[in-house]
Every structure is written in structure tokens, then in C-alpha cells.
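All remarks here apply to the structure that follows.
The values are calculated or read from the model by the stated rules, or taken from the named source; none is laboratory data. This is a predicted model, so every value here is computed, not measured. FYI the Cβ positions are ideal-geometry reconstructions off the backbone, even for glycines, and counts take in every protein chain you see. Side chains included, ligands, DNA and RNA excluded: accessible areas come from the protein's heavy atoms. Shrake-Rupley method; radii C 1.70, N 1.55, O 1.52, S 1.80 Å.
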Amino acid sequence: MLDLLMQYWPTLLVGQYPNGPLGGLALTLILAALGLAMSMPLALLIALARVSPFGWLRVASKALVNVVRGMPLLMLIFWAYFVVPKLTGQVVSGFWTLIFALVVYESAYLSEVIRSGIEAVPRGQIEASRSLGVGYWTTMRKVVLPQALFNVLPSMTSQFVSTVKETSLGYVISVNELTFAANQVNNLVLTQPLQVFGILAIIYFLVCFSLSRSLSWLDLRIRRSRAMA
């Protein structure tokens, strides 16, 4: 197993780069970061719609969230792969297809995380703000959301770790992420699938465990600095 790792670690780390497209673990982390970052604005809008005073907006956003959360990510990737090019009339690469699917999928989950944070803010603060003549949207923007986003920071960071693992589904549309790179290595050696995918499992564990611990440490630092402020 160590011999395989020593021989093929560049492929697992960066794919064929610099002689070809970037791939492997580097692309996995890029996909996860982009997918989560681009889903945040959409998730925020959906969360605000879920707690909106307008009934039709609440119903529509709830239906959207339930539909997306009830759909396997793999099916969403397939839909994006076949439907997005027809809608745009353009050839869409596997990279952007996977990004599109991740943004839609993660926005539904993150919106529920943000909604729970909004609803956890004491109602009295909202009522006090409104009694001072502050409008609903200004209250949400300046009073509720800063507290809500801070309270759900641990859940949002853990979602990044989940997204790292979800990028492995990009393998089915030939996105050259870590799982695809491991399969390329397996096709080269042919007779050692247990060792190749064992290395893959170890890499995913080390990356996700390290990210989880690092993000927990960062969250603790932020909370301590805010408590002392």
C-alpha cells in the first residue's frame, strides 16, 4: 500500500497537473469550498423566505426545500448533467455541472440550518426593534441575522466536511476529483483494488477529521474572542 502511495501520490493529490487538468484532492477541496460558498446567498434567501410574514413565500420556499432534501444528490447531479445544457444551449463541463448540483443541494440544507438560527433568536429582541420603529427587513439584517449566523456557525462548518465527501459523486460524470483519480490509479495497477481504495478511504478520513478539528478550533476561538469583547 505504501509503495502505491509513493508512486501515485501526485495523481491523488493534483491529478495530471501541471501537464493536464487539475484534479485529485486539490479539486475535491476546490469543489467543496466553491459549492458551499456559492450556496450561502441562496440558502440565506430561502431561510428568510421560510420565516417571511408572507404566507405564499413560506409555502413556496418550504416546498422547494422539501423537494430538494427528498432527492438523492446523485439524481440531482444526473438532472443537472442532462438538463442544464438543454436549458442554456451550451456545453457545460462536468466541473460546473457538479457545482450547480452542489449549490442547489447544499442551499436547501443550509437554509434549514440558518432558519433554525433565526428562530432561536429571542422573540423579545425582534419585538423591541419593531417597537422602536425599525422595519422588518432592517430588523432581520441588523438584529437577527448577525446573531443567527453566529449561533449556527458550528453546523455550517460541519456542512463543509459533508460537502467534501459529497464531491465524490462527481466520479459518475467524470469530474477528476479524488475518487475519480483513485479509480484511474486502480485502472493502471488492475490487481490491487483493495489497496487503492483503502488508500482513498484513509485520505478521506484524514482530510475530513483534520477539517473537522480545525473548524472546531476556529469556532472555539471566535466564541472566546466574542465573549471577551
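Key figures
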item	result
Long-range HN-HN contacts of Gly15 with modeled amide H, under 5 Å	Gly23, Gly24, Leu25
222 nm mean residue ellipticity, helices alone, for the chain (DSSP H n ≥ 4; -39,500 (n - 2.57); rounded to 500)	-26000 deg cm²/dmol
The stretch 23-42 and the stretch 49-85: distance between their alpha carbon centers, rounded to Å	20 Å
Whole-percent carbon and sulfur share, accessible surface of the stretch 42-86, 1.4 Å	76 percent
Overall dimensions of the stretch 97-229 as given by Cα atoms, namely Rg and Dmax in Å	20.9, 72
Potential extension, Ser216-Arg58 segment - 0.36 nm per residue separation minus Cα distance	53.6 nm
Contact order normalised by residue count of the chain, Cα under 8 Å, 6+ apart, percent	27 percent
Cross-link reach list, aspartates and glutamates versus Lys142, counting only Cα pairs under 17 Å and skipping chain neighbours closer than eight places	Glu119, Glu127
Rounded tilt (10° steps) of 178-189 against the dominant C-alpha axis of the chain	10 degrees
Backbone HN-Hα couplings from phi across the stretch 68-79 [Karplus 6.51/-1.76/1.60, Hz, Gly and Pro as x]	5, 5, x, 10, x, 4, 4, 5, 5, 5, 4, 4
Kirkwood Rh, Cα atoms: Rg over Rh of the stretch 170-229	1.29
Whether the stretch 1-117 is rounded, prolate or oblate, judged on the alpha carbon gyration tensor where a/c under 1.5 counts as rounded	prolate
Lys142 - accessible surface, heavy atoms, 1.4 Å probe, Å² rounded to 10	130 Å²
1.4 Å probe accessible area per residue over the chain, in Å²	56 Å²
For the stretch 83-171, Kirkwood radius (reciprocal of mean inverse C-alpha pair distance, Å)	15.6 Å
Tilt relative to the chain, helix 94-120 - C-alpha long axis, 0 to 90 degrees, to 10	30 degrees
Stokes-Einstein D for the chain, Kirkwood Rh over Cα pairs, 10 °C, 1.306 mPa s (µm²/s)	80 µm²/s
Carbon/sulfur fraction of accessible area - the stretch 119-229, other protein chains in place, 1.4 Å, %	62 percent
Cβ-Cβ FRET estimate between Ala37 and Thr191, R0 fixed at 35 Å, reported to 0.05	0.30
Neighbourhood net charge (14 Å Cβ-Cβ; Lys/Arg +1, Asp/Glu -1) for Leu215	+2
